[in-house]
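Asks: Sharing a structure with you now.
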Amino acid sequence: MSAEISASPTALVKAPLDKVRALQHTLYRTAKADPGRRFHALMDKVLRRDVLWRGWVAVRANNGAPGIDRTTLDQIENEYGAVRLVDELAAELREGRYRLLPARGVMIPKPGRADEYRPLSISTVRDRVVQAALKIVLEPVFEADFATCSFGFRPKRSAHDALQVVIDEAWRGRRWVVETDIANCFSAIPHDQLMQAIEERIVDQSVLKLIRQILRAGVMQDGHVRREVTGTAQGGPISPLLCNVYLHRIDRAWDAREHGVIVRFADDLLVMCRSRQQAEAALARLRELLAELGLEPKEAKTAIIHLEEGAPGFDFLGFRHRMVRSRGVRGGRGVQFLARWPADKAMAHARDRIGELTHRSRLWMSVDAVVQDLNDFLRGWATYFKYGHSTIRIGKIRHYATHRLAIFIGKRHKRGRRFGIDVVAYRSPDECGLIKLSGIVVPPELASPGGRS
């Protein structure tokens with residue numbers, strides 16, 4: 001396919017979208033038609049200007065922080081020029097001159113756990129664009145192989161698809177659950193074994209060399225560069241794909257008939273089983289498969305749970321799942337089903353974020369600006385958690401946001417909390433414009449067994 005397109009940003013935005021999609025569809029169909037095929041010529045597609053431009057668009061939309069060169073997205077867009085960047089990257093890749101810089105290492109708090117941190121590696125903008133372009137080309141090849149039990153970081157598959165499988169399997173009688181996640185997954189994947197998994201499909205040496213560069217680029221923290229022999233940089237555009245490529249070895253080795261139905265969202269795993277014996281066998285099999293990959297389960301999060309009325313249940317993908325019984329008709333006992341609502345950690349994360357948005361350090365901002373930030377967060381949070389039986393907990397978060405906004409207004413006017421409550425509740429006809437979350441929850445009859453969430 002020709003990569004010759006106009007150098008104008010408008011043409012780069014409009015023209016490549018269909019061409020890039022057509023390229024991805026062709027790669028997917030080719031890989032799907034021949035599971036044993038290995039791809040020899042892919043670098044010419046990675047360095048296409050339309051593919052690189054699509055990579056830039058994805059990076060720009062993500063609005064990430066700068067890498068160790070301190071070059072921001074705004075500087076690229078407004079001063080350097082995105083088209084110029086794409087042209088230079090295409091030339092460097094074509095001529096073999098492209099070199100990655102180490103990522104900038106930072107530690108960020110885990111959602112809902114302010115005392116726990118996870119490492120994040122922030123590559124430079126130019127390196128993120130190349131990674132995004134590489135992902136555009138490689139993803140359809142590996143998507144042709146990926147199993148239906150995998151949901152994380154995949155196109156047209158979401159966390160709610162994974163959650164629906166859990167609901168459906170519990171309805172079908174799989175009431176024993178193995179829950180675990182992989183300890184330090186992104187930092188523990190051995191590079192040599194990961195490359196072996198990639199080489200099952202990719203033999204283009206230029207692409208393989210580029211992937212090795214990405215893996216070995218290292219992370220700079222406190223002025224020192226660390227280059228490990230394991231791990232994919234958490235935060236890089238291509239890292240989730242590489243993780244799925246490696247963990248696909250678990251999916252394809254899994255026997256659902258023998259060990260139960262596995263549900264994997266990146267490194268979070270559940271197995272739905274029919275008996276305790278099957279659950280114990282499934283956990284042993286998981287440990288065996290992970291050991292073969294040089295990985296291990298996180299013991300603190302590994303357990304076998306029996307889904308029954310009165311039992312505490314389990315957390316998965318931000319929801320608490322518990323077996324409950326519906327109200328019976330005319331004195332009947334009702335039906336058992338798996339209910340779900342936002343987990344305690346998700347509630348704590350929401351409160352923490354609302355607290356940040358209404359902190360005294362933001363008193364210099366207008367009330368309208370703070371309300372806009374609150375609405376953006378609440379809208380996104382409620383959109384994710386609106387399924388199942390979440391009405392009460394969503395109402396609590398909305399109430400907490402109202403309470404925090406009242407405190408903020410009181411402090412901003414140096415009048416105290418009572419004044420803030422009076423403004424929000426009585427003086428403003430719409431609670432200062434704070435979004436209402438009532439009526440957005442998917443009814444239980446649609447989110448419970450038999451209905452799609």
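Asks: Do you know the relative contact order of the chain, to the nearest whole percent, from alpha carbon pairs under 8 angstrom that are 6+ apart? Kindly include the intermediate steps, with their values, before the conclusion.
Replies: Details: 705 pairs, mean separation 64.6, N = 453.
After rounding, I find 14 percent.
Asks: Explain nothing, just the number: dipole magnitude of segment 304-403 about its Cα centre with +1 on each Lys and Arg Cβ and -1 on each Asp and Glu Cβ, in debye rounded to the nearest 20. Working shown, then result.
Replies: Numbers: 17 positive and 9 negative charges, 93 e Å.
Roughly 440 debye, rounded to the nearest 20.
Asks: With each pseudo-label sitting 7 Å past Cα toward Cβ, what's the Val229-Lys209 distance in nm, one decimal?
Replies: 2.4 nm
Asks: Work out the length of the dipole vector of the chain about its Cα centre, built from +1 on the beta-carbon of each Lys and Arg and -1 on the beta-carbon of each Asp and Glu, and round it to the nearest 20 debye. It would help to have the intermediate numbers written out before the result.
Replies: On the way: 73 positive and 53 negative charges, 310 e Å.
My answer is approximately 1480 debye.
Asks: Say the dipole of the chain comes from +1 at the beta carbon of Lys and Arg and -1 at that of Asp and Glu; which of Ser206, Val271, Gln196 then lies farthest toward its positive end?
Replies: Of the candidates, Val271 comes out farthest on the positive side.
Asks: List the relative contact order of segment 206-276 as a percent without decimals, with contacts defined as Cα pairs under 8 Å and 6+ residues apart.
Replies: On the way: 43 pairs, mean separation 11.0, N = 71.
The value is 16 percent.
Asks: Each label point is 7 Å from the Cα along the Cα-to-Cβ direction; what then is the distance between the points at Gln193 and Ala22, in nm?
Replies: Roughly 4.2 nm, to one decimal.
Asks: Lys/Arg Cβ at +1, Asp/Glu Cβ at -1, dipole of the chain taken about the Cα centre: which of Met107, Ala425, Val86 is farthest positive-ward?
Replies: Ala425
Asks: Restricting to DSSP H runs of at least four residues, report the calculated mean residue ellipticity at 222 nm for the chain, -39500 (n - 2.57) per run over all residues, nearest 500 deg cm²/dmol. Don't skip to the answer; put the middle values down first.
Replies: Values: 17 runs with 215 residues, N = 453.
It comes out at -15000 deg cm²/dmol, rounded to the nearest 500.
Asks: Follow-up question, since we're still on this one. Given a 1.4 Å probe and heavy atoms of the protein chains only, how would you sort Tyr28, Tyr117, Tyr426, Tyr98, largest accessible area at the top? Please list the in-between numbers first.
Replies: Numbers: Tyr28 85, Tyr117 125, Tyr426 175, Tyr98 10 Å².
Largest to smallest exposure gives the sequence Tyr426, Tyr117, Tyr28, Tyr98.
Asks: Segment 332-414: which trypsin sites (Lys or Arg not before Pro) are DSSP loop and have at most 12 other beta-carbon atoms within 10 angstrom?
Replies: Values: sites: Arg333, Arg340, Lys345, Arg351, Arg353, Arg360, Arg362, Arg379, Lys386, Arg393, Lys396, Arg398, Arg404, Lys411, Arg412, Lys414; in loops: Arg333, Lys386, Lys414.
Passing both the DSSP loop test and the Cβ count: Arg333, Lys414.
Asks: What fraction, in whole percent, of alpha-carbon pairs in segment 33-129 exceed 17 Å separation?
Replies: 60 percent
Asks: Give the residue from Ile392, Ser150, Trp254 lying farthest towards the positive end of the charge dipole for the chain; charges sit on Cβ (+1 for Lys and Arg, -1 for Asp and Glu) and the dipole is referred to the Cα centre.
Replies: About the Cα centre, the residue reaching furthest to the positive side is Ile392.
Asks: Could you pull the Cα extents of segment 155-233 along its three principal axes, largest to smallest, in whole Å?
Replies: Principal extents (Cα only, largest first): 51, 36, 22 Å.
Asks: So how much slack lies between Lys298 and Ala65, counting 0.36 nm per residue of separation and subtracting their Cα-Cα distance, in nm?
Replies: Numbers: separation 233, 0.36 × 233 = 83.88 nm, distance 2.99 nm.
So the chain would gain 80.9 nm between Lys298 and Ala65.
Asks: Let me ask something else about it. Work out the length of the dipole vector of segment 167-242 about its Cα centre, built from +1 on the beta-carbon of each Lys and Arg and -1 on the beta-carbon of each Asp and Glu, and round it to the nearest 20 debye. Walk me through the numbers before you get to the answer.
Replies: Numbers: 9 positive and 10 negative charges, 18 e Å.
Around 80 debye, computed over segment 167-242.
Asks: May I ask which of Lys345/Lys414; Lys45/Lys209; Lys345/Lys396 have a Cα-Cα span longer than 26 Å here? Intermediate values should be presented prior to the final figure.
Replies: On the way: Lys345/Lys414 33 Å; Lys45/Lys209 15 Å; Lys345/Lys396 14 Å.
Flagged as over cut-off: Lys345/Lys414.
Asks: Continuing with this model, one more query. How far apart, in nm, are two points set 7 Å out from the Cα along the Cα-to-Cβ line at His40 and at Asp161?
Replies: 3.3 nm
Asks: For the chain, how big is the tail of P(r) above 33 Å, as a whole percent of Cα pairs? Could the numbers behind the result be given before it?
Replies: On the way: 48569 of 102378 pairs.
I get 47 percent for the Cα pairs in the chain exceeding 33 Å.
The values are calculated or read from the model by the stated rules, or taken from the named source; none is laboratory data. All values derive from a computational prediction rather than experimental measurement. Heads up, the Cβs are rebuilt from the backbone with ideal geometry, glycines too, and the neighbour counts pull from every protein chain shown. The protein model used for the area step is the full one, side chains on, heavy atoms only, and it has no ligands, DNA or RNA in it. Shrake-Rupley method; radii C 1.70, N 1.55, O 1.52, S 1.80 Å.
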